[in-house]
Structures are given as structure tokens and as C-alpha cells.
Amino acid sequence: MNPRLFRPLCCLLLLGALAPLAPAREKIPAEDLEIVEKKWPETKRTYTGLRYIILEPGDAKGPTPASGTMVMVDYKGMLLDGTVFDSSNGREPLKTRVDRDGLIEGWEEALQKMHKGEKWLLIVPPEMAYGARGKPPVIKRYATLVFEMKLIDFGPGVK
């Protein structure tokens with residue numbers, strides 16, 4: 001190998017290897033982030049920018065739903081100001097398939113990390129929810145969303 005190319009090539013390889021170690025880019029808009037950090041300072045943040053708090057522990061030693069798995073979820077969706085825009089309260093729990101039924105990206109990620117019986121408070125950045133399009137008339141463009149969600153059950157036996 002040409003010695004003049006060796007050093008730049010090594011630098012590029014090193015930078016590529018370190019890239020996954022770089023901190024995640026904050027995806028929650030600054031004005032929303034101030035509210036989130038004040039209201040829920042104990043949130044954990046995933047590499048993608050999703051934030052969550054485990055409200056009720058579940059079967060931590062058990063498996064988590066994989067892509068394509070049928071899940072049953074109780075949930076309440078809220079705007080950052082607490083306005084409820086959707087809920088399974090008073091209805092049957094939501095039954096859906098992970099990575100197959102068009103859930104928002106934040107839900108897709110969270111469900112694959114949750115254990116059976118866990119209840120999470122999930123804070124979803126706009127680009128992992130409805131982004132620029134929103135979901136008029138209730139969810140505005142670029143809205144940060146908050147969900148309380150409980151993974152009741154998952155697997156082939158979910159009916």
C-alpha cells in the first residue's frame with residue numbers, strides 16, 4: 001500500500017468506528033425540551049432521541065416484542081400541555097403488529113424495548129411522530145407528543 005495513503009485511510013477508518021459513540025442529536029425542539037426537562041427530569045434518552053420513563057416495571061427477564069410481533073397495548077396520547085388526543089381508556093386495548101401496521105416511529109422503537117406488563121411514559125420528538133404534517137386538527141405540525149403506554153401482552157396468542 002502507498003504510505004502516503006495509509007495515514008489518511010487510517011484516520012477515516014478511526015472516525016467511522018467512533019461515529020456510533022457520538023452523542024445522539026437532540027430531536028425535541030428547544031422550547032419543548034425546556035418543558036420536558038422541567039416536567040420529567042428523570043427521562044432516559046435512546047440514541048434516536050426518544051425519551052422515556054418506566055412507570056411500572058414488567059417482566060424484566062422476559063423477552064421483548066420483535067419486528068412483526070402482534071402486541072396488545074393500553075395507551076393515552078397527549079400533547080405536551082397535557083391535552084389528551086387519543087386513548088384506549090374505556091375501549092378494548094389496541095392490538096397491532098410491530099413494524100407492520102404503520103405505527104409512528106416512536107412507538108415502533110419503544111414497543112421493541114418494552115417487557116410484558118411494563119408501563120412507560122414516552123416522549124416522542126416530532127420527527128418520530130407526525131412531523132411536518134401533524135394530524136390536524138388536534139396535533140399541530142412539529143408537535144412533541146407524550147404517551148402513557150402499557151404493554152399488556154404480545155406474541156401469537158394475543159387475541
Under 12 Å from the Cα of Lys95, which aspartates and glutamates turn up, not counting those fewer than eight places away in the same chain?
-> Asp74, Asp153
Can you tell me the relative contact order of the stretch 25-154? Whole percent, Cα pairs under 8 Å, sequence separation 6 or more.
-> 32
Cross-link reach from Lys135 to lysines, straight Cα distance under 17 Å and at least 8 residues apart if same chain, gives Lys76
Could you run the Karplus curve 6.51 cos²θ - 1.76 cosθ + 1.60 with θ = phi - 60° over the stretch 54-68 and give me ³J(HN,Hα) per residue in whole Hz, x for Gly and Pro?
-> 7, 7, 9, x, x, 7, 4, 8, x, x, 10, x, 8, 4, x
Name the long-range amide H neighbours of Asp86: under 5 Å, sequence gap of 5 or more, or other chain; modelled H, no Pro or chain starts.
-> Gly77
Unsatisfied cross-links (Cα-Cα over 31 Å) in the set Lys38/Lys159; Lys39/Lys113; Lys61/Lys140 = Lys38/Lys159; Lys61/Lys140
Integer Hz, Karplus 6.51/-1.76/1.60 couplings in order for the stretch 120-135, x for Gly and Pro | 10, 9, 10, 10, 9, x, x, 6, 9, 10, 9, x, 5, 7, x, 8
Per-residue HN-Hα couplings for the stretch 69-86 [Karplus 6.51, -1.76, 1.60; θ = phi - 60°; Hz; x = Gly/Pro] = 7, 6, 10, 10, 10, 9, 8, 9, x, 9, 7, 4, 7, x, 5, 7, 10, 6
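Computed from the coordinates by the stated procedures, all read-outs in this text should not be read as laboratory data. These numbers come from a predicted model, not from an experiment.
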